[in-house]
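Asker: Submitted below is the structure of interest, expressed as structure tokens.
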Amino acid sequence: MLQDAGLSEKAIKHALGMIEISRNLDLPKYESIAHSYLANVYHDIAFYEKGIFHGKNGVQIALNKVSDGQEALFASLNAIAINYDDWNKPDSAIFYHRKVLSLDTLMESDLMQTCNNIGNTFMKKGLLDSADYYISKSVRLNQIGRSSHGLATSMNNKADVLIRRDKIEEAKMWLDSALIFALDSESLEKKRDVYNTYYRYCETKGDAMCTVKYLQLFHATKDSMVNTEKLQVIKDLEKEKLQAEKEKVIAEKELELRKRNIWIIIFVAVILLVLALLRQLVLKKEKLAQKAKLDLQDERLRISRDLHDNIGSELTYMASVIDQKLYVETDEKLKAELSELGDSSRSAMSQLRETIWAIKTEGITLDKFRDKLIQLTLKYSKTFNIELTVDFSGLNHKLTTAQVINLFRVCQEAINNSFKYSGCRNIIVQITGNKEAISFSISDDGVGFVEAEIKRGYGLNNMQERVEELKGSFTINSEKNKGTLLEFSVPLNE
């Protein structure tokens, strides 16, 4: 399918063209199927509301205009269900999956797929008994049909249910079988899914080497699914960039050599005269710098200790008192207010810990900054089911306390905005250190916006002010349905 190649825009145009042609030729069955196809395209790019709209159009056409509309009806109902499922509306998803099961003539492959989908939805809701019932049914049907692809899917889901029930060893047997059928199906998607479940199995079991092994297999399989044409484009761009960098380095070295040859004789005499004095000055400066460093570290420890012992203990006490009152309170309105106060105090405590970390920790480098950013966003990534990638490249500079606090808050605000408002499925953070500056790029594949059409809130203005406080530059680029890219850089301290 076109959307499998990452060409969602072309896939949408293709589907709309199919709808128009089918309507003009009075072919309602194919018009209905085209709507279900478009619903699946919108599902794949996380535009679930539009996906459901076209799925329901397909249902209406199949019911009202197609004499034998079971095939078209199944496709549209299934598309609606999976859109609701990934939109985190499991009850609506199950409602439409059950409509599929109520169809008079349902192909065995469709029945297997639907049972597996219902089981997967129940598993997301934590209703493991219901999930196990439908997934087990899907396994039995796939065993009859002997579909390697179907067996890999249903057996992998069966193992997932068992892991959630802490039946680890039983889960391992199902996983082994799922992997056999995934390999037999020659589907990279199925192998990726099974390796992912193996990874969670090993993690639950507490086997670190096993966890690392299957995590590597998962990412290797996932990476191999990337479109080869895009990989070639990336390779060509990297090759051009490398060549340009080589030419730049050669030119700089030649220029440097010419300048050095001109001035070397002049500087030799001066260097010899001032060498002894310079050595004394350097030693004195090093002693002063070392003393200042020790004094600064002592002050950092004192401030962080005061923050933790005073403000931290007060915030902890406030959260504890609020939780106790929340436990005994019966008034729902007051409970909601107490819950909000409790969340605010815990959020303040979390931000205080991050500030203490920035003040107390000496020599925070860019790779440590990246690790802290991953820790911060991990819980949000799991909650919103969004994949977050944080990469670092270039020179591993040490950051000042002011840089750590301001840059961390800017990244935190930008990522939170993407999680909450963009409707994205992926967020990529790229941190780059070079000779003159530290650069950040934060992008998502969400709905985007036109900046002229929105009113800048406190968050965006605050991010820009923090960057400018560090003498840096800040830009934001966004287009509707094409995601958002936020770039900022700050110069290094001399």
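The values are calculated or read from the model by the stated rules, or taken from the named source; none is laboratory data. No experiment lies behind these values; they were computed from the predicted model shown. Note: ideal-geometry Cβ built from the backbone for every residue, glycine included; neighbour counts use all protein chains shown.
Asker: Among the candidates F408, F440, single out the residue that is touching a residue at least 40 places away in the same chain (Cβ under 8 Å) and either of a type in the set (D, E) or in a strand (DSSP E or B) (or both).
Answerer: F440
Asker: Report, by residue number, each residue of the range 115-143 that is farther than 9 Å from S154 by Cβ, of a type in the set (A, V, I, L, M, F, W, C) and in contact with a helix residue (DSSP H, G or I) (Cβ under 7 Å, 6 or more places away or on another chain).
Answerer: I118, F122, M123, L128, A131
Asker: Then there is this: Return yes when N462 is within 16 Å of the chain's Cα centre (by Cα), part of a helix (DSSP H, G or I) and either farther than 30 Å from T383 by Cβ or modelled with pLDDT under 90 (or both) and no when it is not.
Answerer: no
Asker: Which ones in the range 475-489 are in contact (Cβ under 8 Å) with a residue 60 or more places away in the chain and closer than 13 Å to C411 by Cβ?
Answerer: Passing the criteria: L486, F488.
Asker: Okay, next question. Does L151 satisfy being over 22 Å from S187 (Cα atoms) and out of contact with any strand residue (DSSP E or B) (no Cβ under 9 Å at 6 or more places or on another chain)?
Answerer: Taking the combined requirement at face value, the residue does not satisfy it.
Asker: Inside the range 373-426, can you point out the residues that are among the polar types (S, T, N, Q), within 21 Å of N481 (Cβ to Cβ) and either outside the structural domain of L460 (by TED's automatic domain parsing) or crowded, with 19+ Cβ neighbours inside 10 Å (or both)?
Answerer: N417, S418, S422
Asker: Next question, about the same structure. Can you find a residue that is under 30 Å from D86 (Cα atoms), modelled with pLDDT of 80 or more and touching an Asp or Glu at 6+ places or on another chain (Cβ under 6 Å) anywhere in the range 402-418?
Answerer: For the range 402-418, residues under 30 Å from D86 (Cα atoms), modelled with pLDDT of 80 or more and touching an Asp or Glu at 6+ places or on another chain (Cβ under 6 Å): present.
Asker: Output yes when any residue across the range 128-148 is under 29 Å from A220 (Cβ atoms), in contact with an Asp or Glu (Cβ under 7 Å, 6 or more places away or on another chain), among the β-branched types (V, I, T) and surrounded by 19 or more Cβ atoms within 10 Å (Cβ to Cβ), and no when none is.
Answerer: no
Asker: Of everything in the range 66-89 that's closer than 15 Å to P28 by Cα and either within 25 Å of the chain's Cα centre (by Cα) or assigned to a helix (DSSP H, G or I) (or both), which residue is modelled with the lowest pLDDT?
Answerer: Checking each candidate, the answer is Q70.
Asker: Output the residue which, of all residues in the range 92-103 that are surrounded by fewer than 24 Cβ atoms within 10 Å (Cβ to Cβ) and farther than 23 Å from K420 by Cβ, is modelled with the highest pLDDT. Please lay out each step first, then the result.
Answerer: Just the residues of the range 92-103 that are surrounded by fewer than 24 Cβ atoms within 10 Å (Cβ to Cβ), to begin with: 92, 94-95, 98-103.
Next, only the ones that are farther than 23 Å from K420 by Cβ stay: 94-95, 98-103.
Details: I94: 85, F95: 89, R98: 83, K99: 84, V100: 81, L101: 79, S102: 80, L103: 79.
Per the stated criteria, the residue is F95.
Asker: From the list I61, I12, I33, I21, which one is modelled with pLDDT under 85, part of a helix (DSSP H, G or I), in the same structural domain as L73 (by TED's automatic domain parsing) and of a type in the set (A, V, I, L, M, F, W, C)? Outline the logic, then answer.
Answerer: On the way: I61 fails: modelled with pLDDT under 85; I33 fails: modelled with pLDDT under 85; I21 fails: modelled with pLDDT under 85.
Result of the check over I61, I12, I33, I21: I12.
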